[in-house]
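Undergrad: Let me give you the structure first, and then I'll get to my questions.
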Amino acid sequence: MPASRIFAEHGDITRAVVDVIVNAANSSLLGGGGVDGAIHRAAGPGLLAECRTVGGCPPGEARVTGAYNLPHRHVIHTVGPIWYGGGLDEAELLASCYRNSLKLAVASGARSVAFPGISTGAYGYPIPAATDIAVRAVREFLRETGAEIDVMFCCFSAEALGLYQSALMD
Ligand code: APR
């Protein structure tokens, strides 16, 4: 059974060479800035039209849609926690974003998935802590489920890439 690869790359997630990409959305699922904006721009209006039918998504959960003009099979939208200092269960909510997104990616038949740094932009989650949570959650999911899916952490900055690369060496 081929082992699943977990790796980090520097780049734009809309161009990631994977089956499925994950969007860092807000609970309305009606688009926004950052990676949400980039994904909607690249996917075109069909993505928003489908998102309107989904009815939103609570923080920590994930929803799957088509990918439209993107070169991917699906987009998985997950809503990360807004960082309020760490006392409001942000870490557990962030970990559940990765777990729930992976569950949907595996269920969709994807063999590879790319994640942006959920909550590390507008939602203010400190990048080092978020990186450790992301790597731990993905490793635990793959170990517990035995799922065969490659996982890319798509980093938009060299800082994030460096943090993922050192976290992946532990
Ligand atoms: N490809 C990969 N990563 C990207 C891209 C891109 N094209 N654009 C931005 N990023 C990175 C940012 O650098 C950041 O590290 O994605 C990470 C997440 O940042 P945000 O997009 O701001 O997402 P988040 O912090 O989860 O905030 C979500 O912002 O865009 C709105 O609608 C969204 O309200 C929601 C909130």
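Undergrad: Of the numbered conditions (1) farther than 20 Å from residue 9 by Cα; (2) more than 15 Å from the ligand (Cβ to nearest atom); (3) not acidic (Asp, Glu), residue 82 fails exactly one; give the number of that condition.
TA: For residue 82, the exception is condition (2).
Undergrad: Can you work out which of the residues in region 7-34 that are open to solvent by 30 Å² or more (accessible area, probe 1.4 Å) and touching a Lys or Arg at 6+ places or on another chain (Cβ under 9 Å) is nearest to the ligand (Cβ to nearest atom)?
TA: 30
Undergrad: Is it the case that some residue within region 39-55 is within 13 Å of the ligand (Cβ to nearest atom), open to solvent by less than 50 Å² (accessible area, probe 1.4 Å) and within 14 Å of the chain's Cα centre (by Cα)?
TA: Yes; the residues of region 39-55 include at least one that is within 13 Å of the ligand (Cβ to nearest atom), open to solvent by less than 50 Å² (accessible area, probe 1.4 Å) and within 14 Å of the chain's Cα centre (by Cα).
Undergrad: In this structure, is residue 76 touching a Ser or Thr at 6+ places or on another chain (Cβ under 8 Å) and in a strand (DSSP E or B)? Break it down stepwise before answering.
TA: Numbers: touching a Ser or Thr at 6+ places or on another chain (Cβ under 8 Å): yes; in a strand (DSSP E or B): yes.
Yes.
Undergrad: Let me ask something else. Which condition number in (1) within 15 Å of the ligand (Cβ to nearest atom); (2) surrounded by fewer than 21 Cβ atoms within 10 Å (Cβ to Cβ); (3) farther than 20 Å from residue 38 by Cα is the one that residue 130 fails?
TA: (2)
Undergrad: What are the residues in region 136-155 that are within 15 Å of the ligand (Cβ to nearest atom) and over 17 Å from residue 94 (Cβ atoms), if any?
TA: The one that is within 15 Å of the ligand (Cβ to nearest atom) and over 17 Å from residue 94 (Cβ atoms): 152.
The values are calculated or read from the model by the stated rules, or taken from the named source; none is laboratory data. Just so we're clear, the structure is a prediction, and the values are computed from it rather than from any experiment. Cβ sites come from the backbone with ideal geometry, for glycine too, and all protein chains shown count toward neighbours. Only protein heavy atoms, including side chains, enter the accessible area calculation; ligands, DNA and RNA are left aside. Shrake-Rupley method; radii C 1.70, N 1.55, O 1.52, S 1.80 Å.
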